[in-house]
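Bear in mind these aren't lab numbers, they're just calculated from the coordinates by the rules spelled out. On a predicted model such as this, the values are computed, not experimentally measured, just so you know. All Cβ positions, glycine included, derive from the backbone under ideal geometry; neighbour counts span all protein chains shown.
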Amino acid sequence: MGMVMIRCPETGDSIPTGITTDREKFQCSAVFFARTYCRICSVTHEWFARDAWVYDAALAKGDAGRWRSSPASAA
Ligand SMILES: [Zn+2]
């Protein structure tokens, strides 16, 4: 399980959406639309699943980046 993350369009920071899911399930799911309150901007950002990625703490410890195909690739 991992936390679904999005990138704040204002600051570029990664922010957790509060949604936890399996990476495989997330990638297989239909495109969905959601809103997440951003504490940095104090506004609610709207986002699509394609803009989000799953942060898996277990993977991040070891094999970080192999599966990643997210806007964070430049980071
Ligand atoms: Zn924001």
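The table below gives the values:
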item	result
Full-extension gain in nm, Ser42 to Ile19, via 0.36 nm per residue minus C-alpha separation	6.4 nm
Label-point separation in nm, Ala57 to Glu10, each point 7 Å along Cα→Cβ	2.8 nm
